[in-house]
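One structure is given below, encoded as structure tokens.
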Amino acid sequence: MIYLQLFLSFFKIGILGFGGGMAIISLVQNEVELHGWMTPEEFIDIVAISQVTPGPVGMNVATYVGYTAAGTVWGSLLASFAIVLPSLIIMGVICYLYERIRSRWSQNRYFQVCMRIIRFLVVLLIAHAAYRLMTPETFIDWRSWLIFAVDAICTLLPELQKNKATNLLSHPILLIVLAGIVGWLIY
Amino acid sequence: MIFRLFLTYLKIGTFTIGGGYVMLALIQREVVDRRHWLDEKEFLNMIALAQAAPGLIAVNSAIFIAWRVSKNEVHAHQRLYSALCVAAAVLGAVLPSIVIILLIAMCFTQYKSLPVIESIFKGIRPAVVALIAATVIRLARKI
């Protein structure tokens, strides 16, 4: 039963997951809450680990949630397979169409408007994921908010500079490792 | 070629940490600069398509690039050859994730209750929310 649930949930996420990793996290969160696979804290830890380990974030989350929900290696393999399957089908169709119309689609005005709307919705989706992770369990005191503020500013540093050069301080892996060290020292 | 696609994407899958722009830069270096499988213009088309389609961008790009590369060679069973190329690239892209996460998931559940791990994660949790919130602001400027 749990395997069927996992397959259907991640297959659905594979179909609806526009915008890659971060957007997919919010969809996985929905399924996790719906089926009660784990607590919000357990889920946020999985997101953190998925971001500091190698591999696409969405794939890491799928593998990890699959393992935790089913408690077996099969659960994680099934979740990974289920999230890739829609990609194979949909990208297969897109590749076929791409061959037919080549670079012409990008000049189409209606297509451009559609893409703009999709991009806007994707940003909203990611914002919603961030909002829902702001629970009292995550932000336990003012020090949590300080870590949040410093990390957000560091990540946005390249945007503030004119040349948009990526500096070392805005590297996500470095920021997460530093936050871990700070947590270890102050809590 | 099938094996080379697998190895290239195994490398991309292993060194993609945190996703997003890091990964696209890595794909560009491997696929455009080193292997010359695509030129810059087609690479941009690939990014647009991989992002527009639902699913993981890394997996979508693996499918698209493997399919394009498979057309460069003429085979008796062209469809089967393309399918094998795509399967090899996708497997390479997801294999590092599955292996590493499974190892961590099996160990982490045992050490989770340690106070040290708990305090480290108290620091990490708000940082993760900050990274997601910052992504919103960065992407909102590019709509």
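Summary of computed values
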item	result
Helix runs (DSSP H) in chain A reaching 27 Å along axis by Cα, Kyte-Doolittle at least 1.0	A:73-101, A:109-133
Geometric extent, Cα atoms of the stretch B:22-122 - Rg, Dmax (angstrom)	18.5, 61
Net charge over other residues, Cβ less than 12 angstrom from the Cβ of A:Pro136 (K, R count +1; D, E count -1)	-2
For chain A: rounded, prolate or oblate by the Cα gyration tensor [a/c cutoff 1.5]	oblate
Projected label distance in nm at A:Arg100 and B:Val74, using a 7 Å step from Cα toward the beta-carbon	2.6 nm
Cα-based Lys proximity count in chain B, under 27 Å, for pairs eight or more positions apart or on separate chains	5
Between helix B:40-52 and chain B: long-axis angle, C-alpha atoms, 0 to 90°, nearest 10	50 degrees
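Read the figures in this text as sums done on the coordinates, not as results from a lab. Being a predicted model, the structure only gives us computed values, none of them experimental. Note that each Cβ is placed from the backbone with ideal geometry, even for glycine, and that neighbours are counted across all protein chains shown.
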